[in-house]
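Chemist: Following this message is one structure expressed as structure tokens.
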Amino acid sequence: MNTIRLERVQYIPKLLSPGILYVSERYSVAGHLCACGCGNKVMTPLGRTEWALSEKDGWPSLWPSIGNWQLPCRSHYIISHGRINWAGAWTEAQVVAGRRAEEHRRQAYYAEKSQMDVLAKIWAWILRELRKLFGS
């Protein structure tokens, strides 16, 4: 498989067709059959700490790369503008390091988000108190 097209769905179908990246925005997930042709389903969660989906002229891009390290094929590729770009195989040490880096990025994102939530609550409290004070 060299290309993959985008199909937006509410639910990812049980039976997937080759060459289609199914995307459920409602559930923030994408699914497709492995690009190597092994027939395994590949599910990628979408979100700020997961995979990012973009589209241009109906052709999807997913970032970061798809590393199917848990599958027997261990395929590794990038989906860019509907094209499958094969990437090199990773050693087990590279896979472990990549997973650690992903977890570190997630932790940093949620720590920053938590701080922003606290600041938003403080500002909301200040505004409530000012409205009480000035009657608006």
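Readers should treat all values here as calculations from the given coordinates under stated rules, not as data from a laboratory. Nothing here was measured: the structure is a model prediction, and the numbers come from that model. Note that we place each Cβ from the backbone using ideal geometry, even for glycine, and neighbour counts take in every protein chain shown.
Chemist: Please tell me if K56 is out of contact with any strand residue (DSSP E or B) (no Cβ under 8 Å at 6 or more places or on another chain) and under 20 Å from N2 (Cα atoms). If you could, list the steps in order and put the result at the bottom.
Modeler: Values: out of contact with any strand residue (DSSP E or B) (no Cβ under 8 Å at 6 or more places or on another chain): yes; under 20 Å from N2 (Cα atoms): yes.
Criteria met by K56.
Chemist: Go through region 85-136 and report how many residues are of a type in the set (S, T, N, Q) and within 30 Å of N2 (Cβ to Cβ). Don't jump to the end; show me each part of the working.
Modeler: Start the filter on region 85-136 by keeping residues that are of a type in the set (S, T, N, Q), which leaves 85, 91, 94, 107, 114-115, 136.
Now drop any that are not within 30 Å of N2 (Cβ to Cβ), which leaves 85, 91, 94.
Going through region 85-136 one residue at a time, the tally reaches 3.
Condition check ((1) surrounded by 10 or more Cβ atoms within 10 Å (Cβ to Cβ); (2) at negative phi; (3) of a type in the set (D, E)) across all residues:
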| site | (1), (2), (3) |
| --- | --- |
| G47 | yes, no, no |
| S61 | yes, yes, no |
| H76 | yes, yes, no |
| W86 | yes, yes, no |
| A93 | no, yes, no |
| G98 | yes, yes, no |
| E103 | yes, yes, yes |
| Q107 | yes, yes, no |
